[in-house]
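The structure appears right after this line, and notes come after that.
The values are calculated or read from the model by the stated rules, or taken from the named source; none is laboratory data. The structure presented is a predicted model; accordingly, all values stated were derived computationally and were not measured. Note that each Cβ is placed from the backbone with ideal geometry, even for glycine, and that neighbours are counted across all protein chains shown.
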């Protein structure tokens with residue numbers, strides 16, 4: 001376990017399958033090793049990009065253990081324990097703790113929209129049910145409700161092991177308000193941008209890094225942007241930020257975000273095939289050609 005404040009580029013890895021749709025342990029371990037060699041600061045398994053909703057409970061537990069083993073203590077490994085049922089989320093978190101994870105990340109319970117009181121209770125019970133650092137995961141585009149900065153601040157004030165926030169929201173104001181409310185009393189509380197293109201403004205606002213899905217096929221620009229911003233090389237950081245703009249366009253395809261990441265990884269020559277589980281579908285050939293053209297324009301596709 002790590003008790004150091006989490007900062008930098010934490011990559012939300014996909015769950016790679018073989019051509020028969022089974023979890024491919026070797027391919028996943030190889031990808032984790034490649035990312036760490038590229039200089040990323042952490043790994044986040046079983047999040048949205050990790051396709052956790054398409055995995056059985058047994059697969060989720062096995063993958064959590066695999067991710068920890070593959071990282072070999074070189075960087076923190078965070079494990080997603082998202083569930084619409086609090087008891088199940090706690091069970092996944094306890095398993096992650098037993099496996100040696102550095103923390104757990106919990107998305108807001110989904111399907112029915114929980115009240116503010118229910119949101120607080122979900123994270124309170126999770127924080128009290130596990131000794132690991134707990135990271136709140138705000139993703140209103142998929143859960144249907146945003147977690148208010150005041151709720152994040154209240155949870156952070158009451159529970160020292162609520163260690164940070166992954167804020168996947170297209171709102172600089174939400175990120176800034178959270179930082180303003182939490183950081184004065186909890187300076188070690190990690191605020192991480194969930195949207196790739198909010199990385200720089202999060203850092204400039206006093207946040208700690210980001211969780212960029214596109215770093216799965218292009219980690220270097222994000223690692224360098226983070227280093228430049230931390231070193232005060234703001235002009236260089238701004239220039240690197242501008243070079244990331246083409247990546248946002250990749251998600252304009254009407255496909256699940258984890259499919260976009262896998263297709264880009266295949267276009268970059270990092271994986272041999274794109275396997276999905278229904279109802280998620282791989283790209284059509286036209287979409288694939290478009291993807292390759294977009295990545296070739298920035299020197300990535302092979």
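Give me the pairs, please: first residue somewhere in region 147-167 and farther than 19 Å from residue 82 by Cβ, second residue anywhere and modelled with pLDDT of 95 or more and not in a helix (DSSP H, G or I), beta-carbon distance under 7 Å, and either six or more positions apart or on two chains.
Going by the 7 Å Cβ cut-off, the qualifying pairs are 156/162; 156/186; 156/189; 157/185.
Name the residues in region 93-104 that are outside any helix (DSSP H, G or I) and surrounded by 19 or more Cβ atoms within 10 Å (Cβ to Cβ), would you?
101, 102, 103, 104
Do we find a residue being closer than 14 Å to residue 138 by Cβ and either touching a helix residue (DSSP H, G or I) at 6+ places or on another chain (Cβ under 9 Å) or at pLDDT below 95 (or both) anywhere in region 196-204?
yes
So, in region 1-29, how many residues would count as being closer than 24 Å to residue 209 by Cα and out of contact with any helix residue (DSSP H, G or I) (no Cβ under 8 Å at 6 or more places or on another chain)?
Result for region 1-29: 7.
Out of the helices (runs of 4 or more DSSP H) lying entirely within region 232-302, which hold 2 or more residues that are under 19 Å from the mean Cα position of the chain (by Cα) and under 21 Å from residue 16 (Cα atoms)?
Output list reads 257-267.
Within the set of pairs 6 or more residues apart or between chains, which connect a residue that is in contact (Cβ under 8 Å) with a residue 40 or more places away in the chain and on the phi > 0 side of the Ramachandran plot inside region 20-44 to a residue that is in a loop (DSSP other than H, G, I, E, B) and loosely packed, with under 15 Cβ neighbours inside 10 Å with Cβ atoms less than 9 Å apart?
If the second residue must be in a loop (DSSP other than H, G, I, E, B) and loosely packed, with under 15 Cβ neighbours inside 10 Å, the pairs left are 21/277.
How about region 147-158: which of its residues are farther than 14 Å from residue 176 by Cα and surrounded by fewer than 17 Cβ atoms within 10 Å (Cβ to Cβ)?
Of everything in region 147-158, those that are farther than 14 Å from residue 176 by Cα and surrounded by fewer than 17 Cβ atoms within 10 Å (Cβ to Cβ) turn out to be 157, 158.
Taking only region 220-257 into account, find how many residues are touching a residue at least 60 places away in the same chain (Cβ under 8 Å) and under 15 Å from residue 298 (Cβ atoms).
Final tally of qualifying residues: 2.
Consider residue 137 carefully, then state whether it is over 15 Å from the mean Cα position of the chain (by Cα) and either closer than 19 Å to residue 15 by Cβ or crowded, with 20+ Cβ neighbours inside 10 Å (or both).
It is false that residue 137 is over 15 Å from the mean Cα position of the chain (by Cα) and either closer than 19 Å to residue 15 by Cβ or crowded, with 20+ Cβ neighbours inside 10 Å (or both).
Output the residue which, of all residues in region 67-92 that are touching a helix residue (DSSP H, G or I) at 6+ places or on another chain (Cβ under 6 Å), in contact (Cβ under 8 Å) with a residue 40 or more places away in the chain and in a helix (DSSP H, G or I), is surrounded by the fewest Cβ atoms within 10 Å (Cβ to Cβ).
Ranking the qualifying residues of region 67-92, first place goes to 86.
Inside region 258-302, can you point out the residues that are under 22 Å from residue 141 (Cβ atoms), surrounded by 19 or more Cβ atoms within 10 Å (Cβ to Cβ) and touching a residue at least 60 places away in the same chain (Cβ under 8 Å)?
Residues satisfying the conditions are 258, 261, 262, 276.
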